[in-house]
1. Subtracting the Cα-Cα distance from 0.36 nm times the residue separation, let me have the gained length for residue 408 to residue 226 in nm, one decimal.
2. Treat every Asp and Glu Cβ in the stretch 67-172 as -1 and every Lys and Arg Cβ as +1, leave all other atoms uncharged, and give the resulting dipole magnitude about the Cα centre to the nearest 20 debye.
3. On each of the three principal axes of the Cα atoms of the stretch 284-459, give max minus min coordinate, whole Å, ordered largest first.
4. Assuming R0 = 22 Å, what is the FRET efficiency of residue 336 and residue 74, from their Cβ-Cβ distance, to the nearest 0.05?
5. Using 28 Å as the Cα-Cα cut-off, could you pick out the over-long pairs in 79/222; 136/180; 41/402; 13/73; 78/136; 78/222?
6. When all C-alpha to C-alpha distances in the stretch 41-100 are sorted into bins of 5 Å, what percent of pairs does each bin hold, rounded to whole numbers?
7. Under the classification rounded if a/c is under 1.5, otherwise prolate if a/b is larger than b/c and oblate if not, where does the stretch 5-278 fall, given a ≥ b ≥ c as square roots of the Cα gyration tensor eigenvalues?
8. Determine the distance separating the Cα centre of the stretch 116-155 from the Cα centre of the stretch 364-426; give it in Å without decimals.
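Just so you know, all these numbers are worked out from the coordinates, no wet-lab data involved. Note that the structure is predicted; figures quoted are calculated from it, not measured. No Cβ is skipped: glycine too gets one built from the backbone with ideal geometry, and neighbour counts run over all protein chains shown.
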Amino acid sequence: MIRTGTEYLEGLKDGREVYVDGERVHDVASHPALKPIVAAKARMYDLHHETPSLTFADADGTHSLLQAPPLTKEDWQKKWDGVDLVLRDLGGTVTRMGDETVGEMWSLADGRDVLASIDPRFAGNIDRHIREVVTKDPFHVSANTDPKGDRSRPVDQRDPDMMIRVVRETDAGIVIRGAKFETAAPYADQAFLKPTVGAWTDEKESQHAVGCIVKMGAPGVKHICRASFATQGSATDHPIGARFDEVEALVVFDDVLIPWEDVFFYRHTRAAQFIRGTLHRYSAFPYVLRLLHNADAMIGAAMWNARQTGLEKLQGVQEQLAELVCYREGIRAHLTASIALAETSPAGFLMPNQSILYAGRVLACSQLPVAMHTARELIGGQVCVTPDAAQFAGEAGEWLRKFYTLNECWDAEDRRRLLAYARDLLTSGYAGHRLAFAQFAQAPHFSHLAAVYRSFDFEGPLDLVRRAAGLSDQVMGKDKIGKAA
Ligand SMILES: Cc1cc2nc3c(=O)[nH]c(=O)nc-3n(C[C@H](O)[C@H](O)[C@H](O)COP(=O)(O)OP(=O)(O)OC[C@H]3O[C@@H](n4cnc5c(N)ncnc54)[C@H](O)[C@@H]3O)c2cc1C
């Protein structure tokens, strides 16, 4: 079953506890801070009913191909094409569409043996939830990051709620307490909650080692949203922030009951260790794909500006445009290669080549500030000093129309629109927020590098240097002993 936009909106009327600007929100879909992004999400649902290429059929009916575990290279290509189609229809980049969070559950299915060895009761839950995302089509998001508190203190000397914990067991399930930072949670159906980035080697922390599905409207779940960008100005002046602000919230879990059928593991550091090591095995792909779209937005804005102003003909400008293209093509090359050299996972899914995908994520995220700066330099300072649309329409508008008209092809309104778009993409408060999103929303930089370190096969370079330097044959063996120790 694929839900309609209306069914998604109806699902949000579950009495959920959402707060914006210090006040309780009574209707998520119509609140000005949430309305634009909720409408975008509803449109994604409706688009599936208009676009057969976004769907596939099996014995249970027709489903979204974005929600299904990938089994072939063709599946990945279809997902890529599907995301392109959806984002083109929306006219902007939305990261939390569900497809880049659902893959976290596929990673957990790859660890079925680990889960079964902890508690066989839970091994079936993950398979069922992966299937239910396909058949019931919920909007599924990700809950990783706890407030954590003062980490110079041992965990048992902090407020124990600083990291999500299981406070008790009941016949119906476990009861959890704590908080997580989550994008899109206020307008999502469910989140995969799991332990935050950490060493997860200390058994004392095991009360915090819990993985489960939480319904976003469950009693005790409170969404305390950050200030909105959607309400900071009109879409005329803020064409991105006013339409696509993916609202984050501190989601508080005030003794929330998680039914046994939604529990994947709890009180076990080995499961926490496993999931932290493999979490983005699949979901890094759609995350990096969004940064490819973002790169296209920067190239498009910079190139239109060069065309409007006639600067395109300058060699220096062409070189800077080429630098943006190298960033963009570097991302595309990593995504393409990660599918071409994809590997079969322990659960039988097709996972993108891990070393290439994680290296691509580091490229896309770490070089984003440089690419944004190049785009800013190309578009120039006018982007920051241009008056808003009300001024163009007002008493002094005549002067603005005079100085913003470039030639017979480019009138002042097209110039204003391009500069407003570029400002929201590159220099606005929303642009800064999205830069932080890219750097952190799928774990921070050190964690991205740790994933590269874990997935790259160092044996090839080691062997190359052993041979070239004439190191003794035993060196490789010694290294293995060192590792084993
Ligand atoms: C816009 C945005 C959206 C987000 N959306 C989500 C979401 O949807 N779901 C979710 O779960 N989380 C989300 N997050 C939270 C994000 O995952 C965290 O911000 C991130 O994991 C870092 O955690 P922290 O902010 O608590 O930083 P801290 O843990 O306090 O770390 C701060 C910095 O200290 C350094 N540091 C800390 N620990 C280490 C270490 N072990 N080794 C080396 N350096 C270290 C790093 O430089 C790190 O960036 C989002 C964050 C942002 C900014």
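1. Values: separation 182, 0.36 × 182 = 65.52 nm, distance 4.44 nm.
Between residue 408 and residue 226, full extension yields an extra 61.1 nm.
2. On the way: 16 positive and 21 negative charges, 27 e Å.
Charge dipole, the stretch 67-172, about its Cα centre: 120 debye, nearest 20.
3. 67, 31, 25
4. Once rounded, the FRET efficiency stands at 0.95.
5. Working: 79/222 33 Å; 136/180 25 Å; 41/402 40 Å; 13/73 38 Å; 78/136 21 Å; 78/222 36 Å.
Violating the 28 Å limit, Cα to Cα: 79/222; 41/402; 13/73; 78/222.
6. Going from the shortest bin to the longest, the percentages are 4, 18, 31, 27, 15, 5, 1.
7. Details: a/c = 1.88, a/b = 1.24, b/c = 1.51.
Judged from the Cα gyration tensor, the stretch 5-278 comes out oblate (a/c at least 1.5, b/c at or above a/b).
8. Here the two parts' Cα centres lie 44 Å apart.
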